[in-house]
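Right, one structure below, let's go through it.
No value in this document is a laboratory result; all are computed from the given coordinates. Not measured: the values here are computed from a predicted model. When we count neighbours, we look across all protein chains shown, and the Cβ atoms used for this are built from the backbone with ideal geometry, even at glycine.
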Amino acid sequence: MNYKDHIDITSGKRSGKPCIKGTRITVYDVLGWLANGMPTAEILEDFPELKAEDIQACLAYAADREHHLTVIHAA
């Protein structure tokens, strides 16, 4: 899955946060819903502009971002 096919960052749109293309729904929103136990089916029902692939793209984006974080070790 190439999350870049589903997520974009546009200056001035939701303060430049990554959003699902064609919507104002941020990756943070989707991850928050999932983290709070909201089932994918419920997200798709509540937000019909989303597709299951969009939700998967949010997870892929978060995994990729986590992979690129810099770890600082305490002395």
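Relative to the compact globular guide of 2.2 N^0.38 Å, what is the alpha carbon radius of gyration of the chain, as a ratio? Could the numbers behind the result be given before it?
Details: Rg = 13.6 Å, N = 75, 2.2 N^0.38 = 11.3 Å.
Normalised by 2.2 N^0.38 Å, the Cα Rg of the chain equals 1.20.
Long-range amide H contacts for ILE7: which residues qualify at under 5 Å (H placed 1.01 Å from N, peptide plane, sequence gap of 5 or more or a different chain)?
LYS21
With θ set to phi - 60°, apply the Karplus curve 6.51 cos²θ - 1.76 cosθ + 1.60 along segment 46-63 and write out the HN-Hα couplings as whole Hz, x wherever there is a Gly or Pro.
Each residue of segment 46-63 in turn: 6, 10, x, 6, 8, 10, 4, 5, 5, 5, 4, 5, 4, 5, 5, 4, 5, 5 Hz.
What is the distance, in nm, between label points placed 7 Å from the Cα along the Cα-to-Cβ direction at GLU66 and at ILE9?
1.9 nm
Could you list HIS6, HIS67, HIS73 in order of exposure, starting from the residue whose Cβ has the fewest other Cβ atoms within 10 Å? Intermediate results must be reported in sequence, preceding the final value.
Numbers: HIS6 23, HIS67 7, HIS73 4.
Arranged by neighbour count, lowest to highest, HIS6, HIS67, HIS73 become HIS73, HIS67, HIS6.
Just order 11-21, 36-46, 50-60 by mean Cβ neighbour count inside 10 Å, highest at the front, would you? Walk me through the intermediate numbers first.
Values: 11-21: 13.5, 36-46: 11.4, 50-60: 18.1.
Order by mean packing, descending: 50-60, 11-21, 36-46.
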